[in-house]
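Contents: one structure, followed by commentary.
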Amino acid sequence: MNSPLIDIRGVTKTYVSGSVETRVLHGIDLQVMRGDFVSIMGQSGSGKSTLMNILGCLDQASGGSYHLDGVDTLSLSRAQLADIRNRSIGFVFQSFNLIKRMNVAENVALPLIYAGVGRGKAHARALEELDRVGLAGLAKRTPSQLSGGQQQRVAIARALATEPPMLLADEPTGNLDTQTSDDIMNSFRQLNKERGITIVLVTHEADVAAYSRRLVRLKDGRVLYDGPSQEGLRQLNASHVEVPA
Ligand SMILES: Nc1ncnc2c1ncn2[C@@H]1O[C@H](COP(=O)(O)OP(=O)(O)O)[C@@H](O)[C@H]1O
Ligand SMILES: [Mg+2]
């Protein structure tokens, strides 16, 4: 049971459009153990979203290997990939992606309904998960009646409804003010500590990355740094200090 949850080796990604090929990832190695909390940083265009899409089985690598929870994802059919994605991964997005015409509880219950859970049971599970993120009282509201931070909390509850071992989040605080962003990062930290949820998130803010244990910095589709967040952020900070001529 001590094998990594995520194990990618030599992963490359090349986008092809017409006769133009663009290589975006140039051989990424990344192992993430259960219970880890990882931030991914890098300049715009460095390949963060491309990597997250591969980690989330939303897209497949062009080369290299990706084992998710011991399963070789490159050998899977689309249906099998969807299945492992539904079982293993909860997604949290920058724009929350809640369904506007459904109330909060219905939004959280939706992945369970998709997974074939009966309505009554799905609703009860949804309320339980909402309670854990402190939003049980808002179950009957619609997303438009909530603040940004509350909407993101609902999205986190939805991502956890099927009890996946891992959350993947692409800029989850990108649309939130600093205070709300801190609240959401505290929720992630709590989920990681108390429930052992593995978290991999993309951010461009050092303040956000500071909540994670580990930092991976990408540059032009390569890993520039992979180690403790504190040390990585110190290096990042130092590299931004201008050297006098
Ligand atoms: N579907 C695509 N087709 C072609 N190029 C793409 C596609 N998606 C992303 N890219 C390119 O790949 C590079 C990395 O993009 P992305 O992974 O979104 O970076 P980041 O999330 O770090 O900003 C960018 O140069 C982008 O233009
Ligand atoms: Mg991106």
For this session: Inspect all residues belonging to segment 81-100 and state whether any of them is part of a helix (DSSP H, G or I), modelled with pLDDT under 95 and of a type in the set (Val, Ile, Thr).
Result: yes
Problem set entry | Positions within segment 42-66 being more than 9 Å from ligand 1 (Cβ to nearest atom), open to solvent by 10 Å² or more (accessible area, probe 1.4 Å) and under 15 Å from the mean Cα position of the chain (by Cα), in sequence order | 58
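Being buried (at least 20 other Cβ atoms within 10 Å of the Cβ) and away from ligand 2 (no atom under 16 Å from the Cβ): is that true of residue 227 here?
Judged against the criteria, residue 227 is not a match.
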Exercise. What number of residues within segment 2-26 are surrounded by fewer than 19 Cβ atoms within 10 Å (Cβ to Cβ), of a type in the set (A, V, I, L, M, F, W, C) and touching a residue at least 24 places away in the same chain (Cβ under 8 Å)?
Worked result: 1
Problem set entry | Which listed residue is at positive phi and open to solvent by 50 Å² or more (accessible area, probe 1.4 Å), from 29, 69 | 69
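The values are calculated or read from the model by the stated rules, or taken from the named source; none is laboratory data. Predicted model, so just to flag it, every value in this text is computed and none were measured. Positions of Cβ are backbone-derived with ideal geometry, glycine not excepted, and every protein chain shown enters the neighbour counts. Calculation scope for accessible area: heavy atoms of the full protein, side chains included, ligands and nucleic acids excluded. Shrake-Rupley method; radii C 1.70, N 1.55, O 1.52, S 1.80 Å.
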